[in-house]
Amino acid sequence: MPGVTLDDVPLLADLMPWSVAPPRLGRGWPAAPDAACLKARWDALLKAEGPDRESLFEPTRSRTPHTAVGQLPGRSGGTEKLVRASGPCPEPVRVLAAPFDEQWLIPDNRLIDAARPELWRVADARQIFTVETAAAPGAPEPPLLATSLLPLLRPGRVRPLYRRPGGEEPNLAPGLLEHLRARLGHAPDPLDVLAWTLAAACPGPDGLAVPLTGEPGLWAEGVESGRRMLWLMRRDGERP
């Protein structure tokens, strides 16, 4: 965009206003590279009694074996206090632990210091989470990652593409799609806006900036590049 500086470019926070801090586990053992390992850890926890169970649990100020919490949205984890819990391990789910590092997590609110239920509520097959990597200007890594899995990466903010399950209510600034339609001559869908954002986002003085364009050809190139990035980051069932 000739003549436009980063001071004039809209921020990602303005274009995708709803953001949530990533979940904070508080302890490392509820996540692992394989699900069988997690089930073995769960069994070891429940076989222990008294001080041994508390020691294995690794209490924090937010969670102890005596903490009472509700279920995560859409999950079947128990609600009884872990000090007297029994039963099988909740079925582990895939999460993004680090860039391109998919792991498994026991989806039980009693094990997670800050689970961010609002993210679990909108996590489904249609959802795409963008995660700020807090990349500095000139850093080689992209400033944004995209994933279909619940992201655990810290410290950046998580911005879901949709505010509701089923791909309903895009997390886009009011009037943004209409503004782009007026400039481009057609209405882009939310996935195109996300693809452009991945391709164009860059660190600015006040946060991640996303230059916009009214040139249809440039927009199409950016969207094509961003969709390629989406394929690489999400894998879409394939290994690139």
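Here E118 and R183 are evaluated by their C-beta separation; at R0 = 25 Å the FRET efficiency comes out at 0.20. Reported to the nearest whole Å, the Cα centre-to-centre distance from the stretch 185-226 to the stretch 77-133 is 31. Computed over the alpha-carbon atoms, the stretch 110-240 gives an Rg to Rh ratio of 0.97, Rh here being the Kirkwood radius from the mean inverse distance.
Computed per residue of the chain from DSSP H runs no shorter than four, each worth -39500 (n - 2.57), the mean residue ellipticity at 222 nm is -8500 deg cm²/dmol. To the nearest 10, the accessible area of C202 is 40 Å² with a 1.4 Å probe.
Please give the length that would be gained between S19 and A220 if that part of the chain were fully extended, namely 0.36 nm times their separation in residues minus their C-alpha to C-alpha distance (nm, one decimal).
On the way: separation 201, 0.36 × 201 = 72.36 nm, distance 2.68 nm.
Value of the extension gain: 69.7 nm.
Treating the angle as unsigned and between 0 and 90°, give the value, to the nearest 10°, between the Cα long axis of helix 190-200 and the longest Cα principal axis of the chain. Approximately 80 degrees, to the nearest ten. For Kirkwood radius over Cα pairs in Å, the value computed from the atomic coordinates appears in the list (i) 20.1; (ii) 19.5; (iii) 18.8 under label (ii).
The values are calculated or read from the model by the stated rules, or taken from the named source; none is laboratory data. Bear in mind that the values here come from a model prediction, so they are computed numbers and not experimental data. Cβ coordinates were reconstructed from backbone atoms using ideal geometry, including for glycine residues, and neighbour counts include every protein chain displayed. For accessibility, only protein heavy atoms count, side chains too; no ligands or nucleic acids. Shrake-Rupley method; radii C 1.70, N 1.55, O 1.52, S 1.80 Å.
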